[in-house]
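The values are calculated or read from the model by the stated rules, or taken from the named source; none is laboratory data. Note that this is a predicted model, so its numbers are computed, not measured. Cβ coordinates were reconstructed from backbone atoms using ideal geometry, including for glycine residues, and neighbour counts include every protein chain displayed. In case anyone asks, the SASA skips ligands and DNA or RNA and just uses the protein heavy atoms, side chains included. Shrake-Rupley method; radii C 1.70, N 1.55, O 1.52, S 1.80 Å.
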Amino acid sequence: MAVGIYFATTTGKTEDIADRLHPLLNGTNTPQDLADLQDLSPLNDLDAIICGIPTWNTGADSERSGTAWDSMLEGISKLSLSGKQVAIYGLGDSSTYTENFCDAIEELHQCFKNAGATMVGYVSKDGYTFEDSKSLIGDKFCGLPLDEDSESDMTDDRLMSWAIQLKQEIPALN
Ligand SMILES: Cc1cc2nc3c(=O)[nH]c(=O)nc-3n(C[C@H](O)[C@H](O)[C@H](O)COP(=O)(O)O)c2cc1C
């Protein structure tokens, strides 16, 4: 059973979170920077995938991340990932960008859904302070939003809870 962690980053925060998440999830592969990937074929060999994506293109309908993920979105939608679980965490700033908090999670979420993956790792919006986010589906974010700019003191607890949740939702982590 193989579980991969993939991230893309501009200022390093999404990579830092990948490095902190890795030891909380026994058996996950060493986090990989998406920018180092030649193509998407490694994703086909995994039982589950955990993705980290920041939001930089504020308010954009598409290519919201502003990182290497943007050029991969179309290709991800065309993969055949049925039977695999995918979970997404996002980095954003709920204070300065409060109307677009972690918008990029939803865009990536939709692409993996298009590929037939089973999406897991949804998180309640309780405990977050923000105006709006494209990543909200009902009362839940379709991934784990993290805010290292305004709420970094909450990150450890959020990561710990998410790791426990993922172990319940992803058989390959056990
Ligand atoms: C110009 C600019 C635009 C940003 N736009 C958003 C945004 O729309 N939504 C959001 O939640 N965060 C936004 N952020 C905050 C970043 O997503 C946040 O700093 C994140 O941690 C960066 O991750 P990285 O270091 O992995 O690139 C923006 C930051 C900057 C400087």
remark   = Picked from region 118-165 (must be open to solvent by 60 Å² or more (accessible area, probe 1.4 Å) and part of a strand (DSSP E or B)), the residue farthest from the ligand (Cβ to nearest atom) is 118
request  = Check whether at least one residue in region 79-91 is surrounded by 16 or more Cβ atoms within 10 Å (Cβ to Cβ) and within 8 Å of the ligand (Cβ to nearest atom), and report yes or no.
outcome  = yes
ask   = When you go through (1) within 16 Å of the ligand (Cβ to nearest atom); (2) outside any loop (DSSP other than H, G, I, E, B) one by one for residue 11, which number turns out not to apply?
value = (2)
task = Give the residue, chosen from 99, 74, that is open to solvent by 30 Å² or more (accessible area, probe 1.4 Å) and within 16 Å of the ligand (Cβ to nearest atom).
result = 99
inquiry  = So, in region 14-26, how many residues would count as being surrounded by fewer than 21 Cβ atoms within 10 Å (Cβ to Cβ) and touching a strand residue (DSSP E or B) at 6+ places or on another chain (Cβ under 6 Å)?
reply    = 2
inquiry  = Filter region 1-13 down to the residues that are within 16 Å of the chain's Cα centre (by Cα) and either of a type outside the set (Val, Ile, Thr) or surrounded by fewer than 16 Cβ atoms within 10 Å (Cβ to Cβ) (or both) and list them by number.
reply    = 4, 6, 7, 8, 10, 12, 13
note = Restricting attention to region 44-68, the residues that are outside any loop (DSSP other than H, G, I, E, B) and either near the ligand (Cβ under 8 Å from one of its atoms) or over 16 Å from residue 93 (Cβ atoms) (or both) number exactly 8
task = Please tell me if residue 69 is surrounded by 15 or more Cβ atoms within 10 Å (Cβ to Cβ), of a type in the set (A, V, I, L, M, F, W, C) and more than 22 Å from residue 140 (Cβ to Cβ).
result = no
key: Filter result for residue 74 (within 12 Å of the chain's Cα centre (by Cα) and at negative phi)   = no
ask   = Of the residues in region 34-56, how many are touching a residue at least 40 places away in the same chain (Cβ under 8 Å) and surrounded by fewer than 22 Cβ atoms within 10 Å (Cβ to Cβ)?
value = 4
